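The values are calculated or read from the model by the stated rules, or taken from the named source; none is laboratory data. Here the structure is a predicted model, which is why all the values come from computation and not from measurement. Glycine also receives a Cβ, built like all others from the backbone with ideal geometry; neighbour counts cover every protein chain displayed. Note: accessible area is taken over every heavy atom of the protein model, side chains too, but ligands, DNA and RNA are not part of it. Shrake-Rupley method; radii C 1.70, N 1.55, O 1.52, S 1.80 Å.
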Amino acid sequence: YLFFSLSTPQENTDPQRTAFLLRKQWALYSVTPLYKFCDAHLKDYARLLSAFIAAEKQKGLAVEIGVELDIKVAVSSVPDLKGSDRDQAAILVQLSLRSPASLKNSEEKLVWSGCFCCVFGDHLSENVPEDFTCLPLFLVNGAESYTSLVGSWFQKTFDCCFRRLAISPLNLSWMATMWTGCKVDKSTSAVELIFSVPCQPYPLDISYAIHPEDAKALWDTVQKTPGEITQEEVDVFMDCLYSHFHRHFKIHLSATKLVKVSTAVASAHCDGMIKFLQSKYLTGVLMLLTELAISQIQ
């Protein structure tokens with residue numbers, strides 16, 4: 001992983017257009033390439049998906065949302081959400097509830113969002129035939145019942161496959177290290193690491209909070225080449241934190257499992273949940289998640 005790419009601002013990126021991603025909890029999925037997907041047909045896809053959801057609802061398979069409510073589907077392109085010109089523009093799917101009985105301008109309530117994206121993932125698209133579109137990372141915010149419906153329609157329509165994307169303790173330690181090294185204006189957020197201890201009858205969680213300036217100072221002593229991070233440096237950084245913890249509490253964190261990382265940049269959980277907190281570093285975090293999604297597909 002190259003550290004500079006996490007903090008390189010993208011030209012022509014409008015933070016307003018990607019603000020919908022910030023400060024929400026997103027579930028992560030990997031998606032195999034979509035067959036014969038065309039972003040010129042997004043309005044048609046919205047109409048077909050809407051009809052599919054309505055049909056499933058009538059079958060009684062979908063979540064009961066009340067007789068008086070109707071679901072509106074919007075499918076749109078987010079061209080700002082990509083790493084390079086070779087990446088496919090992100091696709092945003094939104095489900096809103098509205099009341100057909102009331103006026104046309106009645107208030108709609110957004111209940112589910114899903115975003116397909118590819119940030120610096122062009123090495124995947126280079127290896128697939130022309131008829132396929134690569135959007136390997138899928139972010140979801142909303143009820144699982146809607147995720148299941150939308151996923152079913154996309155799988156049937158574009159012959160693709162969705163899988164939950166978990167984040168390993170190794171990748172979480174990379175995230176903790178990378179995000180600690182990011183400069184954030186007036187950061188008050190501690191770097192927090194959550195560890196799970198497998199004990200009976202209930203697992204025990206240990207929370208380890210480090211002042212952001214202390215964590216950054218430690219990282220600055222570990223990092224050899226500005227702009228790059230090696231696995232060895234990640235190991236040294238984490239070992240220093242573990243040693244400090246052991247000195248105070250006589251607990252070996254290396255014997256536990258790292259399950260969550262929270263910083264001023266983002267927070268990530270091993271179950272495949274992410275929360276983006278800084279638009280400045282959004283592209284860099286999405287690049288790392290795109291890489292994880294691609295490695296799961298391959």
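Taking the simple approach of a point 7 Å from Cα along Cα-to-Cβ for both His123 and Gln231, what is their distance in nm?
That separation, rounded to one decimal, is 1.5 nm.
Kindly report the accessible area of the chain per residue (heavy atoms of protein chains, probe 1.4 Å, no ligands, DNA or RNA), in Å².
Accessible surface, normalised per residue, equals 52 Å².
Give the residue list of trypsin sites (Lys or Arg not before Pro) in the range 139-231 that are DSSP loop and have at most 13 other beta-carbon atoms within 10 angstrom.
Answer by residue number: Lys183, Lys186, Lys224.
Which residues does the label zone of Arg86 cover in the range 107-140, counting backbone N under 11 Å from a point 7 Å along Cα→Cβ?
What the label zone holds, given the 11 Å backbone N cut-off, is 120-127.
Is it possible to state the helix-based mean residue ellipticity at 222 nm for the chain, with each DSSP H run of 4+ residues giving -39500 (n - 2.57), the sum divided by total residues, to the nearest 500 deg cm²/dmol? What is it?
Taken over the chain, the calculation gives -10500 deg cm²/dmol.
What does the highest-first list of 89-96, 19-26 look like by mean Cβ count within 10 Å?
The most tightly packed comes first, giving 89-96, 19-26.
If you compute Kirkwood radius over Cα pairs in Å for the structure shown, which of (1) 20.8; (2) 20.3; (3) 19.8 do you land on?
Label (1) holds the value from this structure.
Based on the Cα gyration tensor of the range 147-298, what are the three equivalent ellipsoid semi-axes, each the root of five times an eigenvalue, rounded to whole Å and given largest first?
Square roots of five times the eigenvalues give 29, 21, 14 Å.
Grab the other residues whose beta carbon is less than 15 angstrom from that of Ser173, score K and R as +1, D and E as -1, and report the net.
-3
Where in the chain are the DSSP H helices whose alpha-carbon span along the long axis reaches 18 Å or more and whose Kyte-Doolittle mean is at least 0.5?
282-297
Which whole-number value in Å³ per residue fits the convex hull of the alpha carbons of the range 122-162?
66
With a bin width of 10 angstrom, please list the P(r) values of the range 215-298 as percents of all Cα-Cα pairs, from the 0 bin to the one holding the largest distance.
Pair shares across the bins are 14, 36, 41, 9, 0.
If each of Phe249 and Lys72 carries a label point 7 Å out from its Cα toward its Cβ, how far apart are those two points in nm?
Spacing of the two 7 Å Cα→Cβ label points: 4.9 nm.
Under the rule of at least 5 residues apart or a separate chain, name every residue whose amide H is placed under 5 Å from the amide H of Leu165.
Amide H neighbours of Leu165, under 5 Å, 5+ apart: Leu28, Tyr29, Ser30.
Expected output is a single nm value to one decimal: the length gained when fully extending between Ser145 and Cys240, i.e. 0.36 nm times separation in residues minus the C-alpha distance. What is it?
Roughly 29.9 nm would be gained on extension.
Checking the table Lys72/Lys280; Lys57/Lys156; Lys43/Lys72; Lys24/Lys156; Lys24/Lys59 against a 23 Å threshold on Cα-Cα, which pairs fail?
Lys72/Lys280; Lys24/Lys156; Lys24/Lys59, as the Cα separations exceed 23 Å there.
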